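The values are calculated or read from the model by the stated rules, or taken from the named source; none is laboratory data. None of the values given here were measured: they were computed from a predicted structure. Methodologically, a virtual Cβ is constructed for each residue, glycine included, from the backbone with ideal geometry; neighbour enumeration extends over all protein chains shown.
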Amino acid sequence: MPANVRVNAGYSIKIRRGLVERLGLEILRLSDEEYHEIALITDEKVSGLYLQRVIMNVQECPKPEGTRLRICELLIDSHEASKNFGTIAKLLEDMAGLGLSKKCIVVALGGGVVCDSAGFAAGVYMNGVRLVLVPTTLAAMVKASAGGYMRVNLNAGENLAGMSYTPSLVLCDTDCLKTLPPDEYRSGLAEALKTAIVSGGEMFRMFERGVMPENAERIIEECIKFRAEIAGDESRLRGLKLGCVVGSAIGALSGYEIQHGLATAQGIGITSRAAVHMGWCSEETAERILYALDKNNLPSVCAKYRASEIARTAKKSWGGVIDMVVPCEIGRCEVKQVKAEELEHIISLGMSR
């Protein structure tokens, strides 16, 4: 069912089919000025699917007489390894080179890399300009659209730099999900499942039954509501790092060839098994998590790398004492402080079925 979620920060998240076709109207509603500057940031893959439709839609949508538009197209690489300060610096230089003013509206059209990179650029360009997020992947709809957090990677690891910046509007067009490759869709499903483990309740039970494509709008809505609800609550936000110590290391080892969500799913599975052995959670809790992963065709083990490799890579990002988020029960996670020299043993406990 279509939904509008009003976030405490004061912006709306719209979830329904066909929103890309209404993008022009939605953008122009943000301002009653006669002259509009729009910086449309996307990647090559999404550009081929949607860019010309979006530009035509913005140009041809009904608008007050005398309205003038300037649309600037900026392309970035959508690979996870490109979500860094080099990409953001180039975006900022390109925006300045085009003479975009403080009144411009940045429209991020794409997956998580585009939304994070464009959002970060919007947050710092001229001390902040208006931002519209149009996530086109399930992961971005679930993860990047609520809470106003923009994150980029450092050489030491994923998402180690971030900022909070509030968008003016978020549009989740569920028709975009039809164009996703299977692994991209499963990656988003893993991000949604992680949210369901942290929130508990009916959303997790949906994953235990198996999420069907027709449930997508409801899953997105429930994830967004939960993430918006806990925005600013650091103790609860930490739960959303479940599986990240292991998953981020697996992603980095693969050169980010393994989709972020799929690496996270492996991290959740390994962490859940290890938590049982360490006495941090019951066997029943871990079994429910592993069953939900399997039910939704998500990986729970990593056959490609050894525990020693994963631990060594993780320690580069986390240092001597590692904050490892583990499940205690469905709906409750805790942070366990793990010494770096213990990490390999803990991961090895979770690598065996």
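For the range 300-312, state whether one or more residues are small (Gly, Ala, Ser), modelled with pLDDT under 95, surrounded by fewer than 22 Cβ atoms within 10 Å (Cβ to Cβ) and under 22 Å from the mean Cα position of the chain (by Cα). Within the range 300-312, not a single residue is small (Gly, Ala, Ser), modelled with pLDDT under 95, surrounded by fewer than 22 Cβ atoms within 10 Å (Cβ to Cβ) and under 22 Å from the mean Cα position of the chain (by Cα). Applying a threshold of 6 Å to beta carbon distances and a minimum spacing of six or more residues, or different chains, the list of pairs starting in the range 187-199 at a residue that is assigned by TED's automatic domain parsing to the domain that holds Gly210 and ending at one that is of a type in the set (D, E, K, R) and modelled with pLDDT under 95 reads Glu191/Lys143. Checked against the criteria, Glu37 counts as closer than 21 Å to Ser168 by Cα and assigned by TED's automatic domain parsing to the domain that holds His79. A residue that is of a type in the set (Asp, Glu) and within 30 Å of Leu193 (Cβ to Cβ) can be found somewhere in the range 116-123. For the range 66-80, a residue qualifies if it is farther than 20 Å from Met163 by Cβ and not in a strand (DSSP E or B), and the qualifying residues are Gly66, Thr67, Asp77, Ser78, His79.
Residues in the range 298-353 that are of a type in the set (S, T, N, Q), part of a loop (DSSP other than H, G, I, E, B) and without any contact (Cβ under 8 Å) to a residue 60 or more places away in the chain: Ser300 only. One residue alone among Ile219, Ile224 is under 20 Å from Met150 (Cα atoms) and either outside any helix (DSSP H, G or I) or modelled with pLDDT under 95 (or both), and that residue is Ile224. Taking the criterion of being more than 19 Å from Glu44 (Cα to Cα), surrounded by 15 or more Cβ atoms within 10 Å (Cβ to Cβ), in contact with a helix residue (DSSP H, G or I) (Cβ under 8 Å, 6 or more places away or on another chain) and in contact (Cβ under 8 Å) with a residue 40 or more places away in the chain, the residues of the range 101-128 that qualify are Cys104, Ile105, Phe120.
State yes or no: is Gly210 within 23 Å of Gly269 (Cα to Cα) and among the small types (Gly, Ala, Ser)? Yes: the conditions hold for Gly210. Determine whether the range 197-214 contains at least one residue that is more than 21 Å from Glu342 (Cα to Cα), part of a helix (DSSP H, G or I) and of a type in the set (Ser, Thr, Tyr). Scanning the range 197-214 turns up at least one residue that is more than 21 Å from Glu342 (Cα to Cα), part of a helix (DSSP H, G or I) and of a type in the set (Ser, Thr, Tyr). Selection of the range 11-64 for residues being part of a strand (DSSP E or B) and either without any contact (Cβ under 8 Å) to a residue 12 or more places away in the chain or touching a helix residue (DSSP H, G or I) at 6+ places or on another chain (Cβ under 9 Å) (or both) yields Ile13, Lys14, Ile15, Arg16, His36, Ile38, Ala39, Leu40, Ile41, Thr42, Asp43. Among the residues of the range 80-100, are any surrounded by 13 or more Cβ atoms within 10 Å (Cβ to Cβ), more than 26 Å from the chain's Cα centre (by Cα) and more than 20 Å from Thr174 (Cα to Cα)? Yes, the range 80-100 contains at least one residue that is surrounded by 13 or more Cβ atoms within 10 Å (Cβ to Cβ), more than 26 Å from the chain's Cα centre (by Cα) and more than 20 Å from Thr174 (Cα to Cα). Contact map, the range 65-88: first residue assigned by TED's automatic domain parsing to the domain that holds Leu51, second residue part of a strand (DSSP E or B) and polar (S, T, N, Q), Cβ cut-off under 7 Å, separation 6 or more or different chains; pairs are Leu75/Thr42; Lys83/Asn153; Asn84/Asn153.
For Val132, the test of being over 15 Å from the mean Cα position of the chain (by Cα) and more than 20 Å from Gly251 (Cα to Cα) is passed. Can you pull out every residue in the range 124-146 that is closer than 20 Å to Glu80 by Cβ and in a helix (DSSP H, G or I)? Residues satisfying the conditions are Leu138, Ala139, Ala140, Met141, Val142, Lys143, Ala144.
How many residues does the range 227-258 contain that are in a helix (DSSP H, G or I), out of contact with any His (no Cβ under 8 Å at 6 or more places or on another chain) and not hydroxyl-bearing (Ser, Thr, Tyr)? Counting residues in the range 227-258 that are in a helix (DSSP H, G or I), out of contact with any His (no Cβ under 8 Å at 6 or more places or on another chain) and not hydroxyl-bearing (Ser, Thr, Tyr) gives 18. The residues listed here are Ala274, Ala249; of these, the one that is buried (at least 22 other Cβ atoms within 10 Å of the Cβ) and in contact with a Ser or Thr (Cβ under 7 Å, 6 or more places away or on another chain) is Ala249. Among the residues of the range 286-297, just one is without any contact (Cβ under 8 Å) to a residue 60 or more places away in the chain and crowded, with 20+ Cβ neighbours inside 10 Å, namely Ala286.
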